[in-house]
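Peer 1: Have a look at this one before I ask anything.
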Amino acid sequence: VSPVTPAPGRFETPWHLRAYALAAALEEAGSLPTDALPPGASSAAWPVLLERLLVDGGHLSPTEIDAEVAHHAARVSRDVHP
Amino acid sequence: MSIEHGPAQQPYLVDEAEVELRVKALESLAVEKGLVSGDAVERIARHYEQDVGPMLGARVVARAWTDPAFKVRLLSDATAACAELGVAGLRGEHLRALEDTPEVHNVVVCTLCSCYPWPVLGLPPSWYKSPEYRARIVLEPRRTLADDFGLVLDDNVVVRVWDSNSELRYFVLPEPPVDAAGLAEDDLGRLVTREAMIGVGRVLAP
């Protein structure tokens, strides 16, 4: 599926998995270079690395990322149970 | 955005909630801009979910199908029975197995958030966490199973919806497939899907 194969149990949280899957899918689609997330990279660093690659590659701007984060945050706050 | 650097000078975000939001935002923007398809992300995530999780629950189910004494232990104390097979860990401290029968179909949700038996089923799928699933499976379970998952149940089958929480996490012991007699435990395990153990799907045919 991806040039980088995590060992079972590597994903500690759901976002680790989503970040990894997004990077692998972007590599597969040719939107990011192979090894966008180098095997030596800490999983905690994946989101920042991904964001930088997408911004540096001209795919996304910091402004629209921040706006999208705010959009998701608003959805979460509406969904929080007392 | 608050960024720090780890021991290997790798940047990381400090706030877990923020990092989760940023990953979601990157994914939705990447899909929106056509950089990647949502299906591709889901397929890859699912691959790793399957590798790191549901096959363990499938082993538990297959053992219960082939070992009546284990099945009794599983239904009376799922946490201890799973531990017999080495299936245990964080977010699996209090497990309960729900037995499907020809008369009763069980389905699991977490209406509060996304409580899920990680050691048995791996990471929760994204739809399990969605507000739509969490509301609809409670309000109209039979219709949700049919419309969203293609699982049509006979009218005479009772549907029971179980609300997982951080203190008690449910999973389903589905009925074994017909014509499975004589299959080895490993072969039976390959017929058990994540969806069947949540209660939104059936096991595969041999």
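Peer 1: Multiply the residue gap between B:Thr111 and B:Ala80 by 0.36 nm, knock off their C-alpha separation, and tell me the result in nm, one decimal place.
Peer 2: 8.6 nm
Peer 1: Here's another thing I want to ask about it. Roughly what angle does helix B:54-66 make with the longest principal axis of chain B, taking Cα atoms, 0 to 90 degrees, to the nearest 10?
Peer 2: 10 degrees
Peer 1: Still on this model: Compute the acute angle (0 to 90°) between the alpha-carbon long axis of helix B:38-52 and the principal axis of greatest extent of the alpha-carbon atoms of chain B; round to the nearest 10°.
Peer 2: 60 degrees
Peer 1: Average partner chain C-beta neighbours within 10 Å, per residue of B:129-139?
Peer 2: The per-residue average across the peptide is 1.
Peer 1: If each residue's Cβ is checked for other Cβ atoms within 10 Å, how do A:His16, B:His105, A:His59 rank with the fewest at the top?
Peer 2: A:His59, A:His16, B:His105
Peer 1: Identify all lysines with a Cα-Cα distance to B:Lys24 below 16 Å; exclude those on the same chain that are fewer than 8 residues away in sequence.
Peer 2: Answer for B:Lys24, where 16 Å is the Cα cut-off: B:Lys33, B:Lys129, listed by chain and number.
Peer 1: Mind computing the radius of gyration and Dmax over the alpha-carbon atoms of segment B:103-180? Å is fine for both.
Peer 2: Cα only, segment B:103-180: 12.9, 39 Å (Rg, Dmax).
Peer 1: At a Förster radius of 22 Å, what calculated FRET efficiency corresponds to the Cβ-Cβ distance of B:Glu18 and B:Ala135, to the nearest 0.05?
Peer 2: FRET efficiency, B:Glu18 to B:Ala135: 0.25.
Peer 1: Between helix B:16-32 and chain B, what is the angle of the helix's C-alpha long axis to the longest principal axis, kept within 0 to 90° and rounded to the nearest 10?
Peer 2: Helix B:16-32 and the main axis of chain B meet at about 90 degrees.
Peer 1: Please give the peptides A:18-31, B:139-152 ranked by average Cβ packing (other Cβ atoms within 10 Å per residue), highest first, as a rough proxy for protection.
Peer 2: A:18-31, B:139-152
Rule-based calculations on the coordinates, nothing more; no lab input. Just so we're clear, the structure is a prediction, and the values are computed from it rather than from any experiment. Glycine gets a Cβ as well: all are built from the backbone with ideal geometry, and neighbour counts include every protein chain shown.
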